[in-house]
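Only one structure is covered here, and it is reproduced in the block below.
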Amino acid sequence: MIQILQKLNLTTFDAFILCLISFVSYIIHLLIKHPDCAIGARHRKDLVGPKGIPLLGNLISLIKRKTIVQYEHELANKYGSNFSFTVLGQGRLIVSNDPRTVEHILKTNFDDYPKGEIFYEIANDIFGDGIFSVNGHMWKFQRRIISHLFQGKNFRNLIYTSVIRKSEVVINILKKYADIGKPINLKDLFFRFTMDTFGDISFGVDFGCLTHPDEMAQFVTYFDFTQNRIFERFEEPFWKFTEKFSEKGQQMRKACKYIDDYIYNMINKYKSQLEVDRESVKSLLALLIEAVDDNGKKLNDKELRDVALNLILAGRDTTALSLSWMMYLIMTNHSVENSLLQEINTILSVEMPIPSYDDLKLFQYTTATFYETLRLYPIVPINGRVCVKDNVLPNKIPIFAGECVKFNLYSMGRNEKIWGKDAKQFNPKRFLELEDGLRPNQFKFPAFHAGPRTCLGQQFATIEVVALAVLLLKEFKFELVPGQKSPPEFKDALTLLMKDPLMAKVSYRTKN
Ligand code: HEM
């Protein structure tokens, strides 16, 4: 370096000045190129949206936000269904709360909008190459296996038996609270219910979340820890580096190791049991071990591990939160509660106090209440994909490769153009009055996603929510404890996480 400077007859000071000038020129060049948007984002005069600041785009207002869902909802109220903003590190985000856009990205042009790398990287140490994160052949193979399995009678019987078994435990807990008149945190109860149901279904194990909440199984503690850590990583751009040294990084490695060992032990256990007696072994993991795709191919151990963990991730929080938002809405809408009771009392009787699997489809109003809850409180509130090939949306907005197209289900559910003048009202009947009834148009109502990657657990979740809701409402009256925020606030997460406990007073409908 010194030799080069000597050849050019430059002093160190001259070199420093040259570097400084180059740096300042580069910054000026960037400022001219990105006067109101983030570095890396294409300048788009054709799109409306909040003006950003040079180089950072809308990063500062995004940091100051309450939640991303609300930030985007406020922008939708101001700019309409289609708008855009840019964020340093994420480039241009185009929000289009239009059912035609949802259809375009999730179905018609599916191959141009694959799953992005961000979730894959952030969640890889725990969720591996499971169905949630992968594309192409790997995704197709797992999807075929899981959908075959979920359509089978064995799986239906397995989930139904577990759901009823765990619902009975929930009822016994509620009886204790009703007897002593102490309020209960329903959100916490529903999380414990769905975790225990998954433990039972997946591994045939009682995690004890309902019966021994203070000494929950180590698997559950570590699973919760890894899930929280994954959420945190979204907000920490340098997590990969910091986790090498931080305590959280160390804990994460320990938790992942425990979960790996746990699942591989379970796989080995079930494999040995299946060799001895196929008929008596009943769990999701055992069914997965036996499952084959159209070509007779089975999942290997790593795939079994990844699929099992992905299913717990997909189904646990989503169902617990649906139950929480649904109970909140029932407690605050007495006419809906009365209609639910009317349906429940018409179908159930002293002779048939518990519905059979086939009876569940009779609970049309209860199912409509579940869907109406998801319309106003979509559990996956924001979704989107990064475009890999230049495209034009049906509403004529061009999309360039590298840009992200999103839709905000929270805004879509409240949009009068989509749902009519009473869009903001909680009215389950709308799902019974719609032309397509309890099979609503997926692009207008993408709560369970749409197109080839549509949720595989919709039926599973509906069974779990409807069965528990029916059994609980038949037996108990729930009242929101006064003084709580109504509607409840939510937090930023992958799901619409209720921020505070949902405290309810529980009493018997009729004391026997
Ligand atoms: C109320 C409950 C539920 C809601 C709202 C829900 C919603 C969703 C959504 C929005 C997606 C798409 C995610 C994305 O790719 O961006 C999805 C995918 C998926 N869900 Fe659900 N889900 C629920 C319950 C369940 C349950 C109980 C299971 C099964 C255990 C399940 C299994 C799956 C699977 C396997 C996928 C991945 C499908 C694929 O990529 O091909 N879900 N779900």
> Tell me, what % of the accessible area of the chain is carbon and sulfur with a 1.4 angstrom probe?
Replying inline: 56 percent
> What relative contact order, as a whole-number percentage, does the chain give when Cα pairs under 8 Å and 6 or more residues apart are counted?
Replying inline: 20 percent
>> Heavy atoms only, 1.4 Å probe, whole protein assembly: order K361, K297, K421 by accessible area, highest first.
In response: K421, K361, K297
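For a protection proxy built on the mean count of beta-carbon atoms within 10 angstrom, sort 375-386, 100-111 highest first, please.
On the way: 375-386: 21.4, 100-111: 19.0.
Per-residue Cβ counts within 10 Å, averaged per peptide and sorted highest first, yield 375-386, 100-111.
Taking K and R as +1 and D and E as -1, what net charge do the other residues with C-beta under 15 Å from the C-beta of K485 add up to?
On the way: positive: K66, K187, K491, K499; negative: E489, D500.
Its environment carries a net charge of +2.
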>> Amide H of F476 versus every other amide H placed in the peptide plane: which residues, excluding those fewer than 5 positions away on the same chain, fall under 5 Å?
In response: R509
> Tell me, what is the per residue accessible area of the stretch 307-422 in Å², probe radius 1.4 Å?
Replying inline: 36 Å²
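Only sites in a loop by DSSP and with at most 11 other Cβ atoms within 10 Å count here; which chymotrypsin sites (Phe, Trp or Tyr not before Pro) in the stretch 186-247 make the cut?
Numbers: sites: F190, F191, F193, F198, F203, F207, F219, Y222, F223, F225, F231, F234, F238, W239, F241, F245; in loops: F207, F238, F245.
Of the chymotrypsin sites (Phe, Trp or Tyr not before Pro), the ones in loops of the stretch 186-247 whose Cβ has at most 11 other Cβ atoms within 10 Å are F238, F245.
Hey, what did the stretch 395-512 get for relative contact order, percent, Cα under 8 Å, at least 6 apart?
Numbers: 71 pairs, mean separation 17.7, N = 118.
Worked out over the stretch 395-512, it gives 15 percent.
Based on Cα coordinates alone, diagonalise the gyration tensor for the stretch 97-508, multiply each eigenvalue by 5, take square roots, and list the semi-axes in whole Å, largest first.
Working: eigenvalues 196, 165, 101 Å².
For the stretch 97-508, the ellipsoid semi-axes come out as 31, 29, 22 Å.
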>> As I understand it, the value is the acute angle between the Cα axis of helix 458-475 and the longest principal axis of the Cα atoms of the chain; what does it come to in degrees, rounded to 10?
In response: 50 degrees
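Residues of the stretch 43-177: accessible area per residue at 1.4 Å, in Å²? Could you put the intermediate results ahead of the total?
Details: 6420 Å² over 135 residues.
In whole numbers, the stretch 43-177 has 48 Å² accessible per residue.
The values are calculated or read from the model by the stated rules, or taken from the named source; none is laboratory data. Since we're looking at a predicted model, the values are computed, not measured. Using ideal geometry, Cβ is built from the backbone for each residue, glycine included, and neighbour counts are taken over all protein chains shown. Accessible surface areas use protein heavy atoms only, side chains included; no ligands, DNA or RNA. Shrake-Rupley method; radii C 1.70, N 1.55, O 1.52, S 1.80 Å.
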